[in-house]
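Data first, discussion second: the structure below is written as structure tokens.
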Amino acid sequence: MRKEPYLKKQHPGIQLFALFGVMFVSLIIFNMLAIPLIQNLYGIDLMAETALDDLKDKNVLSARRLLAFLIQAGFFLLPCLIFAQLVSYREENYLRTQGKIDWKNMVLVFFISIFSIPVINFLAFLNAQIDLSSFPSTEAEDNFQIAILSVENFQGFSINLFVFAVMPALVEELFFRSVLLRFFFRSSKNMHLAVITGGAIFAFMHFRPDQFIPMTAMGILYGYIFFRTGNIWYSITAHFLNNASAVTFHYLTATGHADESILTYGTGENETIPLVISFLLLTGSVILLF
């Protein structure tokens, strides 16, 4: 008789506590590995308060990319893989990574992702109208994002695409949809409440109040895609396409192949009609998917 996974029949609250415990320990281990690794590779002492402040230093940008990768792997990916082994048998496919891909649905997910870009930009514009002076400033994070994504060579663009599009899409969808969203559903027995709650938590854990509304909307969209398809690869694809578009648009503007207005398309005075059309096409694509 095979041994039952340790947490399989435990209360969801205990399982959730175990998940965050694994995440905490994993993050500490990865941070301990990051300090000597970045010191050896780039000569940067992460223990220094201003170690990663000089955004004109290419070593600092490279160190930040590596640190972002390690945090994604340590805080999200590895804990999800460990947790899945603790709560399920291997053949149960707890993370919903198996199953046949319906390419008609995948095409719809592609169009949903493309049509959502102007809508998400408009929601970000609305979010920017809210007085956030009581929250910590996001200027430093904005400067970092501009500096690290505004590369002018294809190698840098490829690295950014992997670190800021492929990895976040993979690890965040495994955590927020395959694991966390299902906790909310088991607790509430209500798909819509679970998806909305999951979307809000998704936005909150990015610690960007200036982007809370659009990120909540994206989290809700990915949640419904996950519930509709039952396969995590669809929401991973949607998440990747959204992030990849941002990385690509910054690369195109940095190399002079596109105007900076492409970064906020959907918010301009003359872009109301394209925004409405995008919203209608997005709505139609979502209806077709469901």
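The values are calculated or read from the model by the stated rules, or taken from the named source; none is laboratory data. Note that the structure is predicted; figures quoted are calculated from it, not measured. Cβ coordinates were reconstructed from backbone atoms using ideal geometry, including for glycine residues, and neighbour counts include every protein chain displayed. Protein only, heavy atoms only, side chains kept; ligands, DNA and RNA dropped before computing areas. Shrake-Rupley method; radii C 1.70, N 1.55, O 1.52, S 1.80 Å.
Is it true that Arg96 is touching a Lys or Arg at 6+ places or on another chain (Cβ under 9 Å), charged (D, E, K, R) and open to solvent by less than 70 Å² (accessible area, probe 1.4 Å)?
No.
Pull up region 66-78, narrow it to residues that are touching a helix residue (DSSP H, G or I) at 6+ places or on another chain (Cβ under 6 Å) and open to solvent by less than 30 Å² (accessible area, probe 1.4 Å), then point me to the one that is farthest from Pro36 (Cα to Cα).
Across region 66-78, the extreme among qualifying residues is Phe76.
Closer than 19 Å to Phe30 by Cβ, out of contact with any Phe, Trp or Tyr (no Cβ under 7 Å at 6 or more places or on another chain) and of a type in the set (S, T, N, Q), is that true of Gln85?
Against the criterion (closer than 19 Å to Phe30 by Cβ, out of contact with any Phe, Trp or Tyr (no Cβ under 7 Å at 6 or more places or on another chain) and of a type in the set (S, T, N, Q)), Gln85 qualifies.
Scan Leu61, Leu27, Leu41, Leu81 and give me the residue that is over 30 Å from Leu181 (Cα atoms), open to solvent by 40 Å² or more (accessible area, probe 1.4 Å) and among the aliphatic types (A, V, I, L, M).
Leu41
Tell me which helices (runs of 4 or more DSSP H) are completely within region 141-209 and hold 2 or more residues being at pLDDT below 95 and open to solvent by 40 Å² or more (accessible area, probe 1.4 Å), or say none if there are none.
154-161, 182-188, 191-204
Criterion first (more than 30 Å from Ile148 (Cα to Cα), modelled with pLDDT of 90 or more, touching a helix residue (DSSP H, G or I) at 6+ places or on another chain (Cβ under 8 Å) and surrounded by 15 or more Cβ atoms within 10 Å (Cβ to Cβ)) does Leu7 satisfy it?
In short, no.
Lys9 fails exactly one of the following numbered conditions: (1) of a type outside the set (Gly, Ala, Ser); (2) over 30 Å from Ser285 (Cα atoms); (3) assigned to a helix (DSSP H, G or I). What is the number of that condition?
Failed condition: (3).
Out of the residues in region 65-106 that are of a type in the set (Gly, Ala, Ser) and in a loop (DSSP other than H, G, I, E, B), state the one that is modelled with the lowest pLDDT.
Gly99
Test Phe122 against the criterion of being in contact (Cβ under 8 Å) with a residue 60 or more places away in the chain and surrounded by fewer than 14 Cβ atoms within 10 Å (Cβ to Cβ), and give yes or no.
no
Return the only residue of Ser62, Ser113, Ser26 being among the small types (Gly, Ala, Ser), touching a Pro at 6+ places or on another chain (Cβ under 9 Å) and not in a loop (DSSP other than H, G, I, E, B).
Ser26
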